[in-house]
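Encoded as structure tokens, the structure appears first; notes follow it.
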Amino acid sequence: MKVIRTAPEMRAWSFEQRRQGRSIGFVPTMGALHEGHASLMRAAAERDDARVVSIFLNPAQFAPTEDLDRYPRTFDADKAIAEATGMEAIYAPTGSGMYPEGYATYVNVDHVSEGLCGASRPTFFRGVATVVAKLFNAVLPHRAYFGQKDAQQCAVIKRMVRDLDMDIEIVEMPIVRDPDGLAMSSRNAYLSAADRTRALALSRSLFAAQAMMEAGERDAGVLLAAVREGMADIDIDYVELVDGDDFDPVDRVAGTVVLAVAARVGETRLIDNIKYTVPAKA
Ligand code: AMP
């Protein structure tokens, strides 16, 4: 397993893979790897010849009041998981390497990044788009794998890639959940046993709304009210029904929609969502 610390070294490795005609699959992460990350790495290992995972806890996507300082750092365990899932290289740049003194350039993706998490975390998607653009420039992947867990992030990255003419296929993989339904997240490590039980309100409410959509419910107001009621005991940040592409709120379920929630359970902010596509008429 190669651990690469700088962009020039990363690019040299990737140029060599490309010279050999190998496709490069890339999984960007902030570390504290779990089964959700592993599913992305396995998908890359199935499709791509050369496989890179990045581990970089990106300060640009944390507000000063957020959890950057206490975010779990588990590099040795991450390395073992990366190895077991078929990664060939870990790109783990340093903070000062990524954002040296005087750093001045940011990528802003308008519109799709403005609602939901963008409304409660105003500089978050600018930090995400900037770091992913920088990681893409170092890793030079053919394909990059992202999780539907962060569905709005995925939409932001797809829009950035289209708008900036990046020749990279974005692959979105389904949410990996614990057996009781909780979406896996590095932040679940913060939850006390009692909070973890309370956190199940997110997935339970989403699944109930999914069953309503499957039974034919199309009214956003009805669905959102049901989800809010299911999450009444926790501190809701947002509950939204949005279009699957541009993340604009919708009044009715049509085409592909995302039902997305964010809530604070104890000190921990959690997000979850489900995607639903209205079946084509037979
Ligand atoms: P993070 O380390 O939280 O920045 O996540 C890195 C990548 O893993 C992102 O594309 C996430 O959407 C994805 N990811 C995180 N949790 C899950 C999950 N439970 N299921 C699928 N993908 C996930």
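The values are calculated or read from the model by the stated rules, or taken from the named source; none is laboratory data. Everything numeric in this text was worked out from a predicted model, so none of it was measured. Neighbour counts run over all protein chains shown; Cβ positions are idealised from the backbone, glycine included. Calculation scope for accessible area: heavy atoms of the full protein, side chains included, ligands and nucleic acids excluded. Shrake-Rupley method; radii C 1.70, N 1.55, O 1.52, S 1.80 Å.
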Flag if Pro174 is open to solvent by 30 Å² or more (accessible area, probe 1.4 Å) and either near the ligand (Cβ under 10 Å from one of its atoms) or modelled with pLDDT under 95 (or both): yes
Residue identified as away from the ligand (no atom under 13 Å from the Cβ), surrounded by fewer than 18 Cβ atoms within 10 Å (Cβ to Cβ) and within 20 Å of the chain's Cα centre (by Cα) among Leu116, Leu206, Leu200, Leu191: Leu200
Test: residue in the range 156-165 that is acidic (Asp, Glu), within 30 Å of Gly266 (Cα to Cα) and surrounded by fewer than 19 Cβ atoms within 10 Å (Cβ to Cβ): no
Residues being crowded, with 23+ Cβ neighbours inside 10 Å, away from the ligand (no atom under 12 Å from the Cβ) and of a type in the set (A, V, I, L, M) - total across the range 11-61: 2
Members of the range 136-150 that are within 13 Å of the ligand (Cβ to nearest atom) and either open to solvent by less than 10 Å² (accessible area, probe 1.4 Å) or touching a Leu at 6+ places or on another chain (Cβ under 9 Å) (or both): Ala144, Tyr145, Phe146, Gly147
Test for Ala280: is it of a type outside the set (D, E, K, R) and surrounded by 13 or more Cβ atoms within 10 Å (Cβ to Cβ): no
Sole exception among (1) out of contact with any Pro (no Cβ under 6 Å at 6 or more places or on another chain); (2) farther than 21 Å from Asp167 by Cβ for Ala32, by number: (1)
The lone exception for Val131 - which of (1) surrounded by fewer than 22 Cβ atoms within 10 Å (Cβ to Cβ); (2) within 12 Å of the ligand (Cβ to nearest atom); (3) β-branched (Val, Ile, Thr) it fails: (1)
